[in-house]
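In what follows, a structure is listed as structure tokens, so that the remarks can point back to it.
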Amino acid sequence: MKKKWWQKAVVYQVYPRSFQDSNGDGIGDLGGVLKRLPYIKKLGVDVIWLNPVYKSPDKDNGYDISDYRSIQPKFGNMEIFDKLLREAHRLGLKIVMDLVVNHTSDQHEWFKESKKSKNNPYRDFYIWRDGKDGKVPNNWGSFFGGSTWDYNESTKQYYLHLFAKGQPDLNWENPEVREHVWDLMRFWLDKGIDGFRMDVINFLSKPAGFPDAPNPKQAEFANVEPMVADGPKLNDYLREMNDKVLSHYDVMSVGEMPSSTPDDAIKYTGLEAKELNMVFQFDHVTLTMNDDPRLGKWNDQPVKLVDLKRSLSKWQEALDGKGWNSLYWNNHDRARVVSRFGNDLPKYRIKSAEMLATILHMLQGTPYVYQGEELGMTNAHFKDLKDYQDIESLEAYHQLVDREKLVDHDTMMRYLATESRDNARTPMQWDDSKNSGFTEGTPWMKLNENYSEINAKNELNNQDSIFYYYQRLIDLRHNSDLIVYGNYVELDPDDEEVFAYKRNYEGKTLLVMGNFTDKNVVRNYDVPENKQLLISNYDKDKNLKELRPYETRVYEY
Ligand code: TEU
Ligand code: CA
């Protein structure tokens, strides 16, 4: 594979509404991102991915776009965006935007037209179907609860929405829709942005005939995913996108692809594919999903390390030399990694955050750091339903607890505290002043109460902090072809306590190990005398064979 700039890059994800407020309205904005560019630069990353900043009624925090070519007024305006892009480029940082084109907002002009009449020129921009026996066209359940179909009184048809009612799906079969999307992509690329993260991009092609989902038990809850993921024309659409748009710019593209397999990913990102550069796969972040209260069987069991290792190893092995991985623990849809796979109690929070960072950053692929991850930010631990803002969390609560009475309040609150997307969305913790320096007004979302201890100011004042540890990991990658391109060999897949692997490249070997427990463990990896310790989260080890609680070490030889 020819070497590309994005293979050596590290990406920092900014969720603008929770990053930094600059005008006191309590909502993070582009002016705030501008102000914090030096902070991002200091971490050493190469690229910023901005979650959607387009005009939107915000039913799903910007993933419901009503105008692709203007900036959400809460976030600023095009002038500030242009300034941010210029300033980022001046600092050597690239900016990747979110591309949300599986659906629009129901407030988008296209949809407002489309719903007017069956012969409106925009009718076919969306997916309209007649009902079946006076009911919805099929048994698909949406991601945010309820049917994927909503009835439109005036034209007596249903439209499809995989997510909320306010997020109607675009009809990608219609070549006019595709041309509009290519155009809006060019609009941003011509401004000089450096690529796109593509929202649920593997859902674009729906199956012919819209058959019922085979699993009726999952009806009314996201049983639609296997029905729409990686559909029959997806490859054609992505290739057309590449031909007509992406191949004309030196930019990066990462497709968010729930339920994609490594084989799918090779199809889309492989050498011959000429489609996307990499995908966000979901295997390692959905390991507990089968225990979903929506399926009536949630328990608080943490993920087993052997399962986590198996899912990451599968992707490392399959894509080596054939495609390219994106590496992430966190994003705006996931609980905080230190709470999920580490230990967020004071004693081991720092060690476990650093261990998890090491395990991820030494893998093959492009690493993504989600805002606050570099501070070891934890889950929100909200106890009150009114502290939650996320449409997915609230809809799930209302459906399961209020309407269907499938789950009791306490169980649902424990579930949300473990899995809710809002765990990632609490405002960034900058310092120990009121609202942690995020805003001078009233924050749109409650802050995590631990901000007086966990914040950027403390991290930057302490040379042993998680922040500087991430900085070192990023720096190591920038200076090592072994870390970027080496192959992957897992050690002891059945080990329930330690994640260990090797990477090999041009005669050099990297050995990475991480203790996932709060105990001392003894392991006997065979490490030659002439090794060099690249990084560790403990002081120099006396006993080579022992790994202390959450200890991680990386050797090169
Ligand atoms: O998420 C895609 C997705 O599959 C979600 O269902 C995700 O798995 C779930 O929310 C996790 O609990 C993307 C965006 O990242 C998300 O923020 C949007 O809400 C969604 O698409 C719709 O645009
Ligand atoms: Ca603001």
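The values are calculated or read from the model by the stated rules, or taken from the named source; none is laboratory data. Since the model is a prediction, treat every value here as computed from it, not as a measurement. Cβ sites come from the backbone with ideal geometry, for glycine too, and all protein chains shown count toward neighbours. Side chains are part of the model used for accessible areas, which takes the heavy atoms of the whole protein and leaves out ligands, DNA and RNA. Shrake-Rupley method; radii C 1.70, N 1.55, O 1.52, S 1.80 Å.
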>> Only one of 412, 428 is open to solvent by less than 20 Å² (accessible area, probe 1.4 Å), of a type outside the set (Lys, Arg) and touching a Gly at 6+ places or on another chain (Cβ under 7 Å). Can you tell me which?
In response: 428
> Among the residues of the stretch 29-54, which ones are away from ligand 1 (no atom under 16 Å from the Cβ), within 19 Å of the chain's Cα centre (by Cα) and assigned to a loop (DSSP other than H, G, I, E, B)?
Replying inline: 45, 46
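Okay, residues lined up against (1) more than 24 Å from residue 167 (Cα to Cα); (2) within 27 Å of the chain's Cα centre (by Cα); (3) not charged (D, E, K, R):
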{"residue": "392", "(1), (2), (3)": "no, yes, no"}
{"residue": "402", "(1), (2), (3)": "no, no, no"}
{"residue": "410", "(1), (2), (3)": "yes, no, no"}
{"residue": "414", "(1), (2), (3)": "yes, yes, no"}
{"residue": "424", "(1), (2), (3)": "no, yes, yes"}
{"residue": "448", "(1), (2), (3)": "yes, yes, yes"}
{"residue": "452", "(1), (2), (3)": "yes, yes, yes"}
{"residue": "459", "(1), (2), (3)": "yes, yes, no"}
> Looking only at residues in the stretch 504-533 that are touching a helix residue (DSSP H, G or I) at 6+ places or on another chain (Cβ under 6 Å) and in contact (Cβ under 8 Å) with a residue 40 or more places away in the chain, which one is most open to solvent (accessible area, probe 1.4 Å)?
Replying inline: 508
>> Of everything in the stretch 431-443, what is assigned to a helix (DSSP H, G or I) and open to solvent by less than 10 Å² (accessible area, probe 1.4 Å)? Give them in sequence order.
In response: 436
> Restricting attention to the stretch 241-269, which residues are over 21 Å from residue 96 (Cβ atoms) and of a type outside the set (Val, Ile, Thr)?
Replying inline: 259, 262, 263, 264, 267
>> Scan the stretch 434-456 and tell me whether some residue there is touching a Phe, Trp or Tyr at 6+ places or on another chain (Cβ under 9 Å), among the acidic types (Asp, Glu) and away from ligand 1 (no atom under 16 Å from the Cβ).
In response: no
>> Being crowded, with 18+ Cβ neighbours inside 10 Å, part of a loop (DSSP other than H, G, I, E, B) and touching a strand residue (DSSP E or B) at 6+ places or on another chain (Cβ under 8 Å) is the filter here; which residues of the stretch 64-99 pass it?
In response: 64, 65, 66, 72, 93
> Which ones in the stretch 159-176 are of a type in the set (S, T, N, Q) and either surrounded by fewer than 20 Cβ atoms within 10 Å (Cβ to Cβ) or within 16 Å of ligand 2 (Cβ to nearest atom) (or both)?
Replying inline: 174
> If we scan the stretch 6-28, do we find a residue that is within 30 Å of residue 486 (Cβ to Cβ), open to solvent by 50 Å² or more (accessible area, probe 1.4 Å), at pLDDT below 95 and part of a loop (DSSP other than H, G, I, E, B)?
Replying inline: no
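Take the residues in the stretch 392-433 that are among the acidic types (Asp, Glu), within 15 Å of ligand 1 (Cβ to nearest atom) and modelled with pLDDT under 95, then tell me which one is nearest to residue 335 (Cα to Cα).
Looking at residues that are among the acidic types (Asp, Glu), within 15 Å of ligand 1 (Cβ to nearest atom) and modelled with pLDDT under 95, I get 419.
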> So which residues in the stretch 216-233 are out of contact with any helix residue (DSSP H, G or I) (no Cβ under 6 Å at 6 or more places or on another chain) and surrounded by 14 or more Cβ atoms within 10 Å (Cβ to Cβ), if there are any at all?
Replying inline: 218, 219, 220, 222, 223, 224, 225, 226, 227, 231, 233
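Filter the stretch 373-397 down to residues that are small (Gly, Ala, Ser) and either free of Cβ contacts under 8 Å to residues at least 12 places away in the same chain or surrounded by fewer than 24 Cβ atoms within 10 Å (Cβ to Cβ) (or both), then give me how many there are.
Total meeting the criteria: 1.
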